[in-house]
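Structure, as structure tokens:
All of the numbers you see were taken from the coordinates with simple rules; none came from a lab. Everything numeric in this text was worked out from a predicted model, so none of it was measured. Here the Cβ positions follow ideal geometry from the backbone for every residue, glycine too, while neighbour counts run over all protein chains shown.
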């Protein structure tokens with residue numbers, strides 16, 4: 001059993017409240033948007049090998065945990081942890097087997113009872129921990145074996161790189177993201193900080209890579225349409241922003257974004273930065 005740390009109620013609330021995208025379809029969105037081949041490519045780049053014991057931090061619905069375990073065969077094992085009881089139950093039902101298990105816990109809980117790992121993976125996690133990111137990386141490093149790999153992956157300039165926006169729409173998106181940083185502990189610039197977090201955690205042989213995560217132009221695919229409609233509606237609705245530049249408020253903002261995003265002239269991109277380091281042997 002993962003042990004709960006002795007934190008005050010306010011601190012526990014501040015850490016747990018960071019996932020502002022929660023919604024009825026969020027488990028489905030997280031699963032559908034996961035590119036298994038990208039996970040495999042990034043994990044292999046970071047040094048995942050057969051037989052490794054893996055910790056998937058913020059595992060969500062479990063598809064990534066399962067993919068990592070399969071990539072580490074023969075002999076690989078993976079444990080997925082997440083703070084959402086709903087997603088952990090979903091993951092257990094769909095992906096649990098002899099090589100994959102799931103545990104519901106806060107990411108800051110004492111993880112010593114589940115042992116040490118050869119490979120710790122935290123992808124799209126630190127962006128939801130703007131103020132605690134460095135602390136979280138140091139905490140996770142305690143669960144890493146000597147010589148083990150800690151791999152972090154996050155977007156940078158998240159949701160901010162578009163061409164073809166109206167001036168009003170561009171300013172509103174920038175204001176929403178600034179509000180998310182201030183009020184929802186969200187970091188749209190998480191990717192550029194990963195190297196620093198690993199360095200501060202005492203990792204060695206740190207290396208980083210950058211690849212396109214979103215690269216959208218021309219005709220909009222059904223998958224991108226569904227994913228971005230979910231994303232912009234949740235982010236906008238939960239942002240707390242008042243949309244004063246729109247006479248029709250939030251609804252008019254969403255409609256303008258959809259008109260922009262369905263145009264084949266639109267160009268949207270977001271880079272993902274992957275950084276990995278090794279825990280010193282000494």
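I'd like the antiparallel share, as a percent to the nearest 5, of DSSP beta bridges with both residues in the stretch 9-278. Write out the running numbers ahead of the final one.
Details: 21 of 40 bridges.
Roughly 50 percent of the DSSP beta bridges within the stretch 9-278 come out antiparallel.
Along the Cα→Cβ direction, 7 angstrom out, place labels at residue 242 and residue 200. What is the inter-label distance in nm?
3.4
For Rg and Dmax of the Cα atoms in Å, the choices are (i) 19.1, 62; (ii) 20.6, 66; (iii) 22.2, 84; which was calculated from the structure?
Matching the structure shown: (i).
Taking other Cβ within 10 Å of each residue's Cβ, how do 206, 54 sort, fewest first?
Values: 206 17, 54 25.
Ordered from fewest to most neighbouring Cβ atoms within 10 Å, 206, 54 come out as 206, 54.
Among rounded, prolate and oblate, which fits the stretch 155-282 when a ≥ b ≥ c are the square roots of the eigenvalues of its C-alpha gyration tensor, a/c under 1.5 means rounded, and a/b larger than b/c means prolate? Each step should come with its number before you reach the end.
Working: a/c = 3.07, a/b = 1.81, b/c = 1.69.
Cα axes put the stretch 155-282 in the prolate bin.
Working from Cα positions, state the angle (0 to 90°, nearest 10) between the long axis of helix 222-238 and the longest principal axis of the chain.
That works out to roughly 80 degrees.
Could you tell me the relative contact order of the stretch 165-247? Use alpha-carbon pairs under 8 Å, at least six residues apart, and round to a whole percent.
On the way: 22 pairs, mean separation 39.1, N = 83.
Once divided by the residue count of the stretch 165-247, the mean separation gives 47 percent.
Arrange 238, 131 by Cβ neighbour counts within 10 Å, fewest through most, would you? Don't skip to the answer; put the middle values down first.
On the way: 238 15, 131 12.
The most exposed by this proxy come first: 131, 238.
Note down the relative contact order for the chain as a percent, whole number, built from C-alpha pairs under 8 angstrom at least six residues apart. Spell out each step's value before the answer.
Values: 513 pairs, mean separation 59.2, N = 282.
Relative contact order, the chain: 21 percent.
Based solely on its DSSP helices, what 222 nm [θ] is calculated for the chain when runs of n ≥ 4 H residues each add -39,500 (n - 2.57) and the sum is averaged over all residues, nearest 500 deg cm²/dmol?
Working: 10 runs with 110 residues, N = 282.
One gets -12000 deg cm²/dmol as the mean residue ellipticity at 222 nm.
For a footprinting-style exposure proxy, rank 270, 242, 67 by other Cβ within 10 Å, fewest first. Numbers along the way, then the final one.
Details: 270 19, 242 11, 67 22.
Going from least to most buried by this count: 242, 270, 67.
Which angle between 0 and 90 degrees, to the nearest 10, do you get for helix 167-183 versus the longest principal axis of the chain when only C-alpha atoms count?
With rounding to tens, the tilt is 40 degrees.
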